[in-house]
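Okay, structure first, notes after.
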Amino acid sequence: MNLKQLLKQHGITQPAFGEGAALSRGAVWRLLDHGLLPRRDPAAAGRITEFLTKNGVHRSSLETLLEPLLLQQKKAPVVLQHAEADPEASTEETQEESMLLRNETLTPLARQHFGLLRSPFVDDVRTRADVFASANTRYVRAALLDAALNHGFIGIVGESGAGKSTLLEELEERIADEGRQVIIIRPYILAMEENDQKGRTLKSGQIAEAIIRALDPSGSPRRTPQALYKQVHDLLKSSRSAGYSHLLAIEEAHCLPVATLKHLKRFLELKQGLGRLLGVCLVGQPELKNRLSDKNPEVREVVQRCELVELQPLDNDLEAYLKHKFERMEIKLDDVLAPDACDALRARLISLPRGGKPTDARSLCYPLVVNNLVTRAMNAAAVAGWPKVDGQVIGGC
């Protein structure tokens, strides 16, 4: 028997247990669903024992249940939101980030509890209207379209789950909706890695083949490099003469080898008269920004030509983002989240090193992470029977 079953056996509700043992809602959820005692509250076990014995639970039963939890509490590291920069804190932050990136599914109980037919965070982008628009994403969308129409060179950088692929897909939808004559060329990147020891590198020859397949699906790539690249050039010129613009879009671009990054400049130099024939869009995680640093002499010619645009976290747009998500499901945000929930989300996802300046803050407040954390909190609130997700629930998830 676990603690949750013990409460049910004695007719003790979770809210009554939390109030009687002086535990927050989040602490109750972590204890009952994950067997975790509050890490920074060594007196919690004593309060739990005192409350439950007063309500008819035999002390020996409690000792059997709480002893392994107390042992686990002693062994567990404390995750510091404002820790000094040291290896142990860094490891804990990595573990925390990995947990937040883990996919969470809204349970049937939570959907019923909050009046949702389906999750607002799964398969939630089906039309362009479903894409959340902040000032930052509007700029990125405009920059992407400009690169496609005018053959620019742009790099979109963002953390995992920041919405990079969604914006590229939205560009394709926009081009189709507006009837623009733009061909987007997307080489396959399955198993692509920076070197051939880890996977398979994307080489310039494969990019050339992708261009040929996009512009002449029935054509066969020439065998020699000279003939292959002439074929690419001729197809681009013919397509441009027919009124089309072209954008080469490469996702996971932080995995591109240096040689391929350097060769991109040569693709950009394919022209008809003075006009470029091909734009390039690189989409990648923050490592791409490091790869394209002006301090990297190997790719300086690429860096000089590429405009890097970063997808920012949702910090100040968090309420607007969540409101947008729930309104798409015809649910008011206030019916799900209590007034203190968004501040609690920010407190959980934005960390500042001790003694650091506001500019030193590190934020994980990206769509995927927010989606997972809110989903987890909604599941917890539904299990406990709380009407809304509040700051205590968020803090304990």
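Sorted ascending by nearby beta carbons within 10 Å, beginning with the fewest, TYR188, TYR366 become TYR188, TYR366.
Listed cross-link partners LYS265/LYS357; LYS265/LYS325; LYS164/LYS357; LYS289/LYS357; LYS198/LYS295 are compared with a 30 Å cut-off, the Cα-Cα value being larger for LYS265/LYS357; LYS265/LYS325.
The stretch between ARG223 and GLU67 holds 49.1 nm of extra length on full extension. This uses 0.36 nm per residue minus the Cα-Cα distance. Between SER165 and ASN296, the contour length at 0.36 nm per residue exceeds the Cα-Cα span by 44.5 nm.
Considering the zone a paramagnetic label at ALA320 would reach in this model (a point 7 Å from Cα along the Cα-to-Cβ line), which residues of the stretch 100-135 have amide N under 15 Å from it? Backbone N within reach: 131-135.
A simple charge model with +1 on the Cβ of Lys and Arg, -1 on the Cβ of Asp and Glu and nothing else charged puts the dipole of the stretch 1-56 at about 100 debye relative to its Cα centre.
Just rank ILE48, ILE211, ILE184, fewest to most, by other beta-carbon atoms within 10 angstrom.
Fewest-to-most ranking of ILE48, ILE211, ILE184: ILE184, ILE48, ILE211.
Helices in the chain, meaning DSSP H runs of at least 4 residues, each add -39500 (n - 2.57). Divided by all residues, the mean residue ellipticity at 222 nm is -15000 deg cm²/dmol.
For GluC sites (Glu not before Pro), the sites in the stretch 173-275 that DSSP calls loop and that have at most 13 other Cβ atoms within 10 Å are GLU178, GLU269. The angle between the Cα long axis of helix 164-177 and the longest principal axis of the Cα atoms of the chain comes to about 50 degrees, rounded to the nearest 10. Across every pair of non-identical alpha carbons in the stretch 1-76, the mean reciprocal distance, once inverted, gives a Kirkwood radius of 12.2 Å.
For LYS4, the aspartates and glutamates whose Cα comes closer than 16 Å to its Cα, not counting residues fewer than 8 places off in the same chain, are GLU19, ASP33, GLU63, GLU67.
Dipole orientation for the chain: of the candidates GLY385, THR49, GLY158, GLY158 has the Cα lying most toward the positive pole (charges on Cβ; Lys, Arg +1; Asp, Glu -1).
What residue among LEU167, ILE207, VAL280 has its Cα farthest toward the positive end of the dipole of the chain, where the charges are +1 on Lys, Arg and -1 on Asp, Glu, each on the Cβ? Of the listed residues, the answer is ILE207.
Round to the nearest 10 and give me the degree value, 0 to 90, for the angle of helix 225-241's Cα axis relative to the longest principal axis of the chain. The angle comes out near 90 degrees.
Let a ≥ b ≥ c be the square roots of the eigenvalues of the Cα gyration tensor of the stretch 242-388; is it rounded (a/c under 1.5), or, if not, prolate (a/b larger than b/c) or oblate? Walk me through the numbers before you get to the answer.
Values: a/c = 3.44, a/b = 2.01, b/c = 1.71.
Prolate, since a/c reaches 1.5 and a/b exceeds b/c.
For ARG126 and THR13, what is the calculated FRET efficiency with R₀ set at 35 Å and r taken between the beta-carbons, to the nearest 0.05?
Numbers: r = 40 Å, r/R0 = 1.13.
Once the sixth-power term is evaluated, E becomes 0.30.
Where does helix 258-268 land angle-wise versus the long Cα axis of the chain, in degrees 0 to 90, nearest 10? The angle comes out at about 50 degrees.
Calculate the dipole size of the stretch 135-310 relative to its Cα centre from +1 charges on Lys and Arg beta carbons and -1 charges on Asp and Glu beta carbons; express the result in debye to the nearest 20.
Details: 25 positive and 23 negative charges, 148 e Å.
Result for the stretch 135-310 is approximately 700 debye, rounded to the nearest 20.
Using 1/(1 + (r/R0)^6) with R0 = 45 angstrom and r between the beta carbons of GLN112 and LYS237, what's the FRET efficiency to the nearest 0.05? Intermediate values should be presented prior to the final figure.
On the way: r = 60 Å, r/R0 = 1.33.
Step by step, r from the Cβ atoms, then E = 0.15.
FYI, it's all coordinate maths here, none of it is from the lab. What you are looking at is a predicted structure, and each value in this text was computed from that prediction instead of being measured. Glycine also receives a Cβ, built like all others from the backbone with ideal geometry; neighbour counts cover every protein chain displayed.
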